[in-house]
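Report on one structure; see the data block that follows.
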Amino acid sequence: MAPLTVDPVLLDPNQTNSSLSDVINESARHNEVNANTSKDQTMVLNMGPQHPSTHGVLRLLLEIDGETVIKCAPDIGYLHTGIEKTCEAKFYQQVVPLTDRIDYLCPMTNNLAYCLAVEKLIGMEIPERAEYLRVMLNELTRIQSHLVWLGTHALDLGALTMFLYCFREREELLRIFENVSGQRMMTSYFRVGGLALEPPIDFYAQVQAFLKMMPSKIDEYESLLSGNPIWIGRTKGVGHLTAEEAIALGVTGPPLRASGVDWDLRRDMPYSGYEKFQFKVPVSNDGDVWARYVVRLDEMRESIKIAQQALDGLPEGAIAADAPKIVLPEREKMKTQMESLIHHFKIVTEGFAVPAGQVYQAVESPRGEMGYYVVSDGTAKPYRVHMRNPSFATLQALETMCKGKLLADVVAVIGSIDIVLGEIDR
């Protein structure tokens, strides 16, 4: 046994003899454990924030016993953007480009959630054509986001070529977004009251070509991964999350449905006309990394069906509401009609006032429930904008899924929950 030592700081002269004896005995036990370094030793390991598999600026504080994870504490805040506070200094319409940057893999989904919240405060209804186009673009955005997830997730687990295949198809979607909005990623295409512009003539043929091509590509992804013994070994039975745990931790989206909870806001709390579309909600009861992979593959297939329905049933009409004091006039009218010019000038320089009140609007993003809580004080700028982001809630389930698993499994679990740090550190 190592010689008995006592920390002098612990020797309080006011202590009784009994308490002093306890301190000495505890110190002796501490030294005995330290003397035998082969027993009960754990190591604290920092994973990230620069580690590629953390998918962004995330640090994980891992306590490991050999290769087994004992504790996992996410440390966030490295990417803080202050977007929620910035919204308070902008006109309502100027907030839309900020929402693009919350979750930069599904900017149009954020556009939609925010615009729906403001439209609900105003009491505005938008044309059916605009609703259909919003649904179509949101489902294409969902596919685009899932392609990035699958490519990077497979790359984390060693399937290198899958990354190239997924980004090959994603490039086609980015070309579609660029064609309709002028931007590949930060589209800012949605407006309070509808859409910014009528899509170009070749847009619909471009979308149809993608929807025709994509199902075979998803089959190709599945054939490459689902029968691969390495992929099966790295995903099946790893990162298990029960339905009860998922609900208690606030998990939504594919991770929730992969744990057996049949919940999708598009079907259960429909918005933007989703009640007019027929689609299935993929659900699995396995609750592991494999289940989240299968659910997202099936979601891409369902998104193709929804987008096809929106394309086939696209009604005629306007792409924005008839609200001259809120919606910017068409460029041609602004240049030829004095009244339209005045409306344009007033909206751009002064914004538009929104009736005082508060509202919460949630949509089903590729990562789960994306909610916008908007408070108006009756002026042209929001008093408060708060985003309920799915990645922030899902990240707290990481320890539950990783505890007792191997260190290498942490990489698989992080990829399976598909977090985006932009929305976590907003």
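The values are calculated or read from the model by the stated rules, or taken from the named source; none is laboratory data. Please read these numbers as outputs of a predicted model, since none were measured by experiment. Because the Cβ atoms are built from the backbone with ideal geometry, glycine has one as well, and the counts that use them run over all protein chains shown. Heavy atoms of the whole protein, side chains included, go into the accessibility calculation; ligands, DNA and RNA do not. Shrake-Rupley method; radii C 1.70, N 1.55, O 1.52, S 1.80 Å.
Residues in the range 168-221 that are surrounded by fewer than 19 Cβ atoms within 10 Å (Cβ to Cβ) and β-branched (V, I, T): 1 in all.
Scanning the range 222-243 for residues that are assigned to a helix (DSSP H, G or I), open to solvent by less than 30 Å² (accessible area, probe 1.4 Å) and of a type in the set (A, V, I, L, M) yields L225, A243.
Residue check: Y78 meets all listed conditions (1) open to solvent by 50 Å² or more (accessible area, probe 1.4 Å); (2) at pLDDT 95 or above; (3) outside any helix (DSSP H, G or I) but one, namely (2). Of all residues in the range 343-365, those satisfying the criterion of being open to solvent by 40 Å² or more (accessible area, probe 1.4 Å), in contact (Cβ under 8 Å) with a residue 12 or more places away in the chain and of a type in the set (A, V, I, L, M, F, W, C) are V348, A353, A356. For first residues located in the range 206-220 and part of a helix (DSSP H, G or I), partners that are open to solvent by 50 Å² or more (accessible area, probe 1.4 Å) and of a type in the set (A, V, I, L, M) and lie 6+ apart or on another chain with Cβ distances below 8 Å do not occur. G250 satisfies every condition listed in (1) assigned to a helix (DSSP H, G or I); (2) open to solvent by less than 30 Å² (accessible area, probe 1.4 Å) except (1).
Residues considered: A73, A117, A89. Of these, the only one that is touching a strand residue (DSSP E or B) at 6+ places or on another chain (Cβ under 8 Å), aliphatic (A, V, I, L, M) and open to solvent by 10 Å² or more (accessible area, probe 1.4 Å) is A73.
Any idea which of (1) closer than 30 Å to A246 by Cα; (2) open to solvent by 30 Å² or more (accessible area, probe 1.4 Å) is the one Q309 doesn't satisfy? Among (1) closer than 30 Å to A246 by Cα; (2) open to solvent by 30 Å² or more (accessible area, probe 1.4 Å), Q309 violates only (1). Pairs linking a residue in the range 223-246 that is assigned by TED's automatic domain parsing to the domain that holds D298 to a residue that is assigned to a helix (DSSP H, G or I) and open to solvent by 60 Å² or more (accessible area, probe 1.4 Å), with Cβ atoms under 8 Å and 6 or more positions apart or on different chains, are L224/T161; L224/Y165.
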